[in-house]
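Peer 1: Before we start, here is the structure in question, set down as structure tokens.
The values are calculated or read from the model by the stated rules, or taken from the named source; none is laboratory data. Predicted model only: the values in this text are computed from it and were never measured. Cβ placement follows ideal geometry from the backbone for every residue including glycine, while neighbour counts extend to all protein chains displayed. The accessibility values were calculated without ligands, DNA or RNA, using every heavy atom of the protein model including side chains. Shrake-Rupley method; radii C 1.70, N 1.55, O 1.52, S 1.80 Å.
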Amino acid sequence: MKSIKEVKDLKGKKVLLRLDLNVPVRDGKILNDFRIKKVIPTIGFLQERGAKVIILSHIGRKKEDTLKPVFDYLVGEVKNIKFNGDVLDESAFELVGKMKEGEVILMENLRKHEEEKEGDDSFSKQISKLGDIYVNESFSNSHRDHSSITGIPKFLPSYSGILFQKEIDGLSSCFEPQEPSLFILGGNKLKTKLSFVEHSLEIGSFVFVGGALANDFFKEKKFEIGKSFVCEEKFNLGSLLENKKLILPIDVVVRNSGGEIITKKPENVLSDEKILDAGPQTISLLEDKLKEVKFVLMNGPLGDYEKGFGKPTNDLIQAIAGSGIQSIIGGGDTTALINELGIEGKFTFVSTGGGAMLEFLQNKTLPGIEALG
Ligand code: 3PG
């Protein structure tokens with residue numbers, strides 16, 4: 001795998017720069033700019049060397065999701081940047097044809113095209129015609145076998161980005177975590193994270209499963225979970241529940257039928273209630289565990305952060321920051337908090353990756369790394 005830093009002459013080169021600009025947006029406003037901030041230096045690096053930078057990214061999971069709010073944000077950070085409505089329409093080729101050195105074009109959400117997620121080779125080939133070289137600066141999406149990650153490198157000389165390499169170096173330093181260890185897994189993508197839950201139960205000392213991931217486990221335990229979020233997919237979690245290393249929330253914050261926010265034991269949730277966060281006893285339990293361990297990994301929030309249920313996650317992150325032990329943090333909403341609090345330096349490594357970080361720690365590689373050769 002060659003880094004873009006090794007390319008001597010970028011002057012006039014059309015660089016297809018794959019970024020992960022998949023950030024949370026509400027009412028046109030970006031809620032967490034951590035990922036964007038991290039890749040701005042790479043755009044600057046290419047501009048300074050006279051490259052013509054064509055940014056490719058996805059956002060969200062629906063065809064209608066748009067990168068326009070990200071473009072509006074980037075206008076304030078990046079000089080000479082334009083937006084184009086579709087990566088494959090005529091205007092994309094026209095605009096690229098007229099680009100001058102140092103100019104940047106952001107192409108609209110790649111997932112407008114089904115072929116992106118299908119990893120369709122003819123789609124990859126068509127996009128590759130826009131550039132002379134390809135740079136993967138989207139470590140956090142490199143667990144996906146999608147056209148813009150594993151397809152384009154089949155057709156163009158391809159390089160890793162600057163942040164991409166930092167992610168690999170930072171995370172590799174924790175392939176062998178110090179023991180005893182604590183893994184804290186939250187968020188809501190159990191399908192993506194289940195394999196890592198199993199892996200951490202093999203290698204770790206304690207594995208806490210919280211956030212919406214825990215609801216699937218409560219359901220498996222035959223607890224009433226009411227209106228709480230669960231994954232669409234069915235999982236067989238029975239054997240995991242028997243594992244003594246597994247820790248689930250011991251109290252949860254719920255909204256009841258009267259709209260009140262109350263705390264209760266998970267086994268007492270009612271059919272008209274919704275679990276929204278971890279309770280204070282759960283956080284105390286994890287804070288105590290932090291005093292016992294030498295390594296902690298945290299990925300994903302414990303509550304519905306976007307709806308304002310962030311305090312328990314916040315308290316826990318602050319406790320990790322103050323613990324001084326080896327620590328790795330990742331996942332969109334978790335890094336949003338770190339970003340807000342300005343405490344990135346208190347952790348061994350903060351990854352822009354959620355699922356990608358977990359898959360890399362487990363498999364020591366990713367489809368996007370393999371594709372770069
Ligand atoms: C992420 O946010 O983890 C990446 O952008 C991948 O997004 P996805 O889970 O929708 O593929």
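Peer 1: Every residue in region 140-159 that is touching a Lys or Arg at 6+ places or on another chain (Cβ under 7 Å), more than 16 Å from the ligand (Cβ to nearest atom) and within 23 Å of LYS38 (Cα to Cα), please.
Peer 2: TYR159
Peer 1: How many residues, within region 333-347, are closer than 17 Å to PHE183 by Cβ and at pLDDT 95 or above?
Peer 2: Residues in region 333-347 being closer than 17 Å to PHE183 by Cβ and at pLDDT 95 or above: 1 in total.
Peer 1: Determine whether ASP288 is touching a residue at least 24 places away in the same chain (Cβ under 8 Å) and assigned by TED's automatic domain parsing to the domain that holds GLY324.
Peer 2: On the way: touching a residue at least 24 places away in the same chain (Cβ under 8 Å): no; assigned by TED's automatic domain parsing to the domain that holds GLY324: yes.
Considered against the rule, which asks whether it is touching a residue at least 24 places away in the same chain (Cβ under 8 Å) and assigned by TED's automatic domain parsing to the domain that holds GLY324, ASP288 comes out as no.
Peer 1: Among LYS11, LYS5, which is in a helix (DSSP H, G or I), away from the ligand (no atom under 13 Å from the Cβ), modelled with pLDDT of 95 or more and more than 14 Å from the chain's Cα centre (by Cα)?
Peer 2: LYS5
Peer 1: So, one more: Can you find, within region 187-205, the residue that is nearest to the ligand (Cβ to nearest atom) among those that are of a type outside the set (A, V, I, L, M), buried (at least 17 other Cβ atoms within 10 Å of the Cβ) and modelled with pLDDT of 95 or more?
Peer 2: PHE196
Peer 1: Looking only at region 74-97, count how many residues are charged (D, E, K, R) and over 28 Å from LYS38 (Cα atoms).
Peer 2: Of the residues in that region, 3 qualify.
Peer 1: Then there is this: Filter region 292-332 down to residues that are crowded, with 24+ Cβ neighbours inside 10 Å and at pLDDT below 90, then give me how many there are.
Peer 2: 2
Peer 1: So which of GLU340, GLU359 ends up being within 16 Å of the ligand (Cβ to nearest atom), open to solvent by 20 Å² or more (accessible area, probe 1.4 Å), within 25 Å of PHE164 (Cβ to Cβ) and of a type outside the set (A, V, I, L, M)?
Peer 2: GLU359
Peer 1: Among the listed residues ASP216, ASP145, identify the single one that is surrounded by fewer than 24 Cβ atoms within 10 Å (Cβ to Cβ), in contact (Cβ under 8 Å) with a residue 12 or more places away in the chain and in the same structural domain as PRO41 (by TED's automatic domain parsing).
Peer 2: Selected residue: ASP145, the only one of ASP216, ASP145 that is surrounded by fewer than 24 Cβ atoms within 10 Å (Cβ to Cβ), in contact (Cβ under 8 Å) with a residue 12 or more places away in the chain and in the same structural domain as PRO41 (by TED's automatic domain parsing).
Peer 1: Further, regarding this structure: Need a quick list: helices (runs of 4 or more DSSP H) entirely within region 269-373 having at least 1 residues that are of a type in the set (Ser, Thr, Tyr).
Peer 2: In region 269-373, the matching helices (runs of 4 or more DSSP H) lie at 280-292, 311-323, 332-341.
Conditions (1) among the hydroxyl-bearing types (Ser, Thr, Tyr); (2) within 16 Å of the ligand (Cβ to nearest atom); (3) within 25 Å of GLU6 (Cα to Cα); (4) out of contact with any Lys or Arg (no Cβ under 9 Å at 6 or more places or on another chain), marked per residue:
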residue	(1), (2), (3), (4)
LYS68	no, no, no, yes
PHE83	no, no, no, no
LYS98	no, no, no, yes
HIS113	no, yes, no, no
SER124	yes, no, yes, no
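Peer 1: Let me ask something additional. Quick one: in region 220-241, of everything that is of a type in the set (Asp, Glu) and part of a loop (DSSP other than H, G, I, E, B), which residue is surrounded by the most Cβ atoms within 10 Å (Cβ to Cβ)?
Peer 2: GLU224
Peer 1: Looking at (1) modelled with pLDDT of 95 or more; (2) out of contact with any Pro (no Cβ under 8 Å at 6 or more places or on another chain), which is the one condition that is false for HIS143?
Peer 2: (2)
Peer 1: Here is a list: GLU137, GLU167. Which entry is under 21 Å from LYS14 (Cα atoms) and within 14 Å of the ligand (Cβ to nearest atom)?
Peer 2: GLU137
Peer 1: Among the listed residues ILE152, ILE168, ILE184, which satisfies the condition of being in a helix (DSSP H, G or I), buried (at least 21 other Cβ atoms within 10 Å of the Cβ) and either in the same structural domain as VAL293 (by TED's automatic domain parsing) or touching a residue at least 40 places away in the same chain (Cβ under 8 Å) (or both)?
Peer 2: Within the list ILE152, ILE168, ILE184, the selection yields ILE152.
Peer 1: Kindly indicate whether ILE162 is in contact with an Asp or Glu (Cβ under 8 Å, 6 or more places away or on another chain) and open to solvent by 20 Å² or more (accessible area, probe 1.4 Å).
Peer 2: Working: in contact with an Asp or Glu (Cβ under 8 Å, 6 or more places away or on another chain): yes; open to solvent by 20 Å² or more (accessible area, probe 1.4 Å): yes.
Considered against the rule, which asks whether it is in contact with an Asp or Glu (Cβ under 8 Å, 6 or more places away or on another chain) and open to solvent by 20 Å² or more (accessible area, probe 1.4 Å), ILE162 comes out as yes.
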